[in-house]
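Novice: Here it is, the structure in full.
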Amino acid sequence: MLTSGQEPSTREYLDRIGVPELPPLTSPFDPGYDPATVESHLNQSAHLMASLKISMACWMVADEGATRRKLGAARTAGVPTLAGGGPFEVAVAQGELDAYLDLCTGIGLSGIECAHGFTDLPLDPSELVRVAGDRGLQVQFELGEKHSGAFTAEVVDELLAEGEAWLEAGAARLIVEARESALGVGLFDGRGSFNAELGDRFVQAFGLDSLVFEAPSKYSQFAILDHFGPMVRLGNVRLEELLRVEIYRRGLHSDAFANPRLRPAARERTA
């Protein structure tokens, strides 16, 4: 019961209806929004963000002052920032990895995604993690190619071995590719259906905490949460979709409320 004059809070109400307090588990991405938009989302939702991906190469061609302003706002909010994997691949292909890492550090990023989704990667994971770490950059590695279609069981065999090598080298997490469509890529077939059996193989090998599943669409977000439950990490969620993902994660969405894995636990009432 509230005492006289005490204002109710959303957190207290969520406790009353059985919604647990969760750590930040979603890594949304900024596809090139203006600084004011990013700042507003950070003001509203920083406590829900495991990290913020500054996506694609947009930050390289935007006004540098605007990019620094966004990164500074995330830093003030306590949200780590990552550069997407595409610029990394281009830097490696062009023979300018050192310059790229220096740029990421200098402009204020916390870490980078590494991948070979559309290029070759002739670098040893341990060496790459070392040179990034020397600059204070965390490394996450993305599993899967961007243009080779949905995963098969044989492809997953190869990705599990690759992921193990990157974790042993010191990568912070592994990202399971789904691009910006979740159609005909990674764990999603050409109709967008989620392959839960193959998804389970990644979790069995690495555990939920070591993985980030890209989930760029409403269906992919809901399918992954339905299957793995509220503690799964999601990435490639657009900033404006973050709150929808988080109400689903907590069983506050009508569809999630029907799922026993997500529905808030009922509190016992005393007489």
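Novice: Show the residue pairs meeting these rules: Cβ distance below 9 Å; 6+ apart or different chains; first residue within the range 147-175 and on the phi > 0 side of the Ramachandran plot and at pLDDT below 95; second residue exposed (fewer than 14 other Cβ atoms within 10 Å of the Cβ) and not aromatic (F, W, Y).
Specialist: G149/G190
Novice: Of all residues in the range 47-96, which are acidic (D, E) and more than 17 Å from P31 (Cα to Cα)? Quick ask: steps written out before the conclusion?
Specialist: Restricting attention to the range 47-96, the residues satisfying the condition of being acidic (D, E) are 63-64, 89, 96.
Scanning the range 47-96 gives E89, E96.
Novice: If you don't mind, there's one more thing I want to ask. Please work out if A182 is modelled with pLDDT under 95 and in contact with a Pro (Cβ under 7 Å, 6 or more places away or on another chain).
Specialist: Yes, satisfied.
Novice: Would you say V212 is free of Cβ contacts under 8 Å to residues at least 24 places away in the same chain, outside any loop (DSSP other than H, G, I, E, B) and either surrounded by fewer than 15 Cβ atoms within 10 Å (Cβ to Cβ) or hydrophobic (A, V, I, L, M, F, W, C) (or both)?
Specialist: no
Novice: Looking at G78, G86, G95, which one is over 30 Å from M231 (Cβ atoms) and out of contact with any Leu (no Cβ under 7 Å at 6 or more places or on another chain)?
Specialist: Values: G78 fails: over 30 Å from M231 (Cβ atoms); G86 fails: over 30 Å from M231 (Cβ atoms).
After applying the criteria, what remains is G95.
Novice: How many of the residues in the range 151-189 are farther than 24 Å from S110 by Cβ and either buried (at least 19 other Cβ atoms within 10 Å of the Cβ) or of a type in the set (K, R) (or both)?
Specialist: Of all residues in the range 151-189, those farther than 24 Å from S110 by Cβ come to 151-161, 164, 181-189.
So of that shortlist, the ones also either buried (at least 19 other Cβ atoms within 10 Å of the Cβ) or of a type in the set (K, R) (or both) come out as 151, 156, 159, 182-183, 185-188.
Residues flagged as farther than 24 Å from S110 by Cβ and either buried (at least 19 other Cβ atoms within 10 Å of the Cβ) or of a type in the set (K, R) (or both) within the range 151-189 amount to 9.
Novice: Scan the range 194-201 and tell me whether some residue there is under 26 Å from V19 (Cβ atoms), touching a residue at least 12 places away in the same chain (Cβ under 8 Å) and assigned to a strand (DSSP E or B).
Specialist: yes
The values are calculated or read from the model by the stated rules, or taken from the named source; none is laboratory data. All values derive from a computational prediction rather than experimental measurement. Ideal geometry is used to build each Cβ from the backbone, glycine not excepted, and the neighbour counts take in all protein chains shown.
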